[in-house]
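Below: one structure, written as structure tokens.
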Amino acid sequence: VANNIPDPYIRASLLFRVMKNAPQEIRTRNLSDLFKSFAEQRWAAPACAGHAEHRIRSGDSLLSVAAWTQLLPLASQRAAAFAGIARTVGTPRAKDNTDAGSTIAAPVDINDVHSLMDAAERVAHQIQEPLDAAFVWIQVARTWNLLGKTQRDQQALTNLDDRVFDAWTAVWQERPPVKRGYN
């Protein structure tokens, strides 16, 4: 249904929301253009996490998904995609299709969940926009929770709280002053 909506912004919003929880339902023909054109869209980062997780579980090679992750335009999208990759570690998947001539330089050990999560946290610390960073910290905390690492989960939730506080601080600072009169 979302593919038939004429407004591209609304269409992207709906596709990203579906991709967050059911990425297998989205046609991937123009997906890279969608992520580039609507990188600032609110649901783009959750969609990246869901899409990366789906690609790994569908049998794509870890290196191809990691290379795709590095091409995403925003740090929030890259961090969310790393969290999506980390959620798949330890699950059965098809054999990786890597060739010997490949020169893809992955900055993390994509077979080690802790290395992926450390990379996601490093990227999350670099995100300037508080709401984008807060979303990434939610994904990181969720992944640590799924992995049973409660201490790392609590640290991610603390970082989430800090970023949400930063976002609300900016909102309150931009409010016009309230003039109160007393009778």
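I'd like the residue in segment 57-79 that is among the aliphatic types (A, V, I, L, M) and in a helix (DSSP H, G or I) and, out of all such residues, is nearest to residue 139 (Cα to Cα). Applying the filter and picking the extreme gives 79. Of the residues 147, 116, 160, only one is at pLDDT 85 or above, open to solvent by less than 100 Å² (accessible area, probe 1.4 Å) and under 16 Å from the mean Cα position of the chain (by Cα); which? When all the criteria are applied, what remains is 160.
Take the residues in segment 23-64 that are surrounded by 19 or more Cβ atoms within 10 Å (Cβ to Cβ) and in contact (Cβ under 8 Å) with a residue 40 or more places away in the chain; name whichever of them is farthest from residue 7 (Cα to Cα). So, considering only residues that are surrounded by 19 or more Cβ atoms within 10 Å (Cβ to Cβ) and in contact (Cβ under 8 Å) with a residue 40 or more places away in the chain, the one farthest from residue 7 (Cα to Cα) is 62.
The values are calculated or read from the model by the stated rules, or taken from the named source; none is laboratory data. All values derive from a computational prediction rather than experimental measurement. FYI the Cβ positions are ideal-geometry reconstructions off the backbone, even for glycines, and counts take in every protein chain you see. Heavy atoms of the whole protein, side chains included, go into the accessibility calculation; ligands, DNA and RNA do not. Shrake-Rupley method; radii C 1.70, N 1.55, O 1.52, S 1.80 Å.
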